1. Looking only at segment 276-311, count how many residues are touching a residue at least 60 places away in the same chain (Cβ under 8 Å) and out of contact with any helix residue (DSSP H, G or I) (no Cβ under 9 Å at 6 or more places or on another chain).
2. Which residues, counting only those in segment 187-206, are in contact with a helix residue (DSSP H, G or I) (Cβ under 7 Å, 6 or more places away or on another chain) and loosely packed, with under 15 Cβ neighbours inside 10 Å?
3. Among I9, I69, which is the only one that is over 25 Å from D316 (Cβ atoms), surrounded by 22 or more Cβ atoms within 10 Å (Cβ to Cβ) and of a type in the set (A, V, I, L, M)?
4. Name the single residue that is farthest from T17 (Cα to Cα) among those in segment 229-280 being crowded, with 16+ Cβ neighbours inside 10 Å and of a type in the set (F, W, Y).
5. How about segment 1-100: which strands (runs of 3 or more DSSP E) wholly inside it have at least 1 residues that are within 10 Å of the ligand (Cβ to nearest atom) and assigned by the TED database to the domain that holds A125?
6. Could you check how many residues of segment 101-123 are within 10 Å of the ligand (Cβ to nearest atom), in a helix (DSSP H, G or I), at pLDDT 95 or above and buried (at least 24 other Cβ atoms within 10 Å of the Cβ)?
7. For I6, only one of the following conditions fails: (1) touching a Lys or Arg at 6+ places or on another chain (Cβ under 8 Å); (2) modelled with pLDDT of 95 or more; (3) of a type outside the set (G, A, S). What is its number?
8. If we keep just the residues of segment 216-265 that are within 12 Å of the ligand (Cβ to nearest atom) and of a type in the set (S, T, Y), which is nearest to the chain's Cα centre (by Cα)?
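The values are calculated or read from the model by the stated rules, or taken from the named source; none is laboratory data. If you're wondering where the values come from, they're calculated on a predicted model, not measured in any experiment. Neighbour counts run over all protein chains shown; Cβ positions are idealised from the backbone, glycine included.
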Amino acid sequence: MARNKIALIGSGNIGGTLAHLIGLKELGDVVLFDIADGLPQGKALDLAQSSSVEGFNVNLGGASDYGAIEGADVVIVTAGVPRKPGMSRDDLLGINTSVMRSVGEGIKKHAPDAFVVCVTNPLDAMVWALREAAGLPHNKVVGMAGVLDSARFRYFLSQEFNVSIEDVTAFVLGGHGDSMVPLPRYSTVAGIPLPDLIKMKWTTQERIDEIVQRTRDGGAEIVGLLKTGSAFYAPASSAVAMAEAYLRDQKRVMPCAAYLSGEYGVDGVYVGVPVVLGAGGVERVVEIGLDETEKTSFMKSVHAVEGLIGAIKELDAKK
Ligand code: A3D
């Protein structure tokens, strides 16, 4: 059986890390693509040489021509400009929307059957713009944010309780960024929800509130430390987990920016919700029960994403 083909649009920090992880996991042959000529070719060659030492069997190539992504099974999009210190995700809107247009056209022409994972910020609006340009079915285009946000939440909780990260599950909903909605009552240690752990005096409500806030600010904390770019190791791991769920038909339940057509009372927007990811792409949107406070936070997040999509449409109307 032929190997899967995975195209990585954008060969910067996340793109290079994606290629490395995909090689190590032998998920498929990799094509790195970037407009910065030499960057994808150089990274592909460097990574290919590491295969002799690591002993993995995948082909890695680099290109600045969309023809190279022909027939890709999965496309992961990180092309664009990353957030700099002091810059909000929303500042990126104009630049990255036009990047999504060119990437979407490339996918439409050369990889119309692919499963597409968008990582570029501002995430929820960019996955919408990318889907519009690529014209693929909505279930084949998703955004990566919730897997990363919940990974951060899980990590902080495992540190708080001094337990294995493997026994911590965590749940976040909503858009990526300030409006993300961590859900403590759906987050557990070995099945014990956080409110019960508070009652058991493992932690306090104040500590959980602090951890929730640190999760929301997770990206900004790393931008502040790095000073010259944003997080890339955990974002790459998260996007690869989503690609793997599709390629191996794992039917994993993951929080992704998915297209809603009526679920949660929302229509026509990409926003973070739990979905089942398998060979059919987004096979199901999981509609969990929300209390009034959670619903209010979620709808605030949806409105923030709608605002960005509205701003994109306004920018278009001015052209
Ligand atoms: P970076 O290392 O700058 O890589 C981006 C690459 O995109 C660069 O190599 C550019 O040359 C390339 N590029 C720019 N325009 C185009 C184009 N039109 N076609 C093809 N390639 C192009 O950034 P990064 O890898 O650190 O981050 C990539 C994106 O992910 C940024 O938008 C970040 O804000 C975003 N990001 C999202 C999350 C989420 O959780 C959603 C987390 C971390 C980063």
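1. Count: 2.
2. A190, P195, T204, Q205
3. Going through I9, I69 in turn, the sole match is I69.
4. Filtering first and then ranking leaves Y264.
5. So the answer is 5-9, 29-33, 74-77.
6. Of the residues in segment 101-123, 1 are within 10 Å of the ligand (Cβ to nearest atom), in a helix (DSSP H, G or I), at pLDDT 95 or above and buried (at least 24 other Cβ atoms within 10 Å of the Cβ).
7. That leaves (1) as the condition not met.
8. S238
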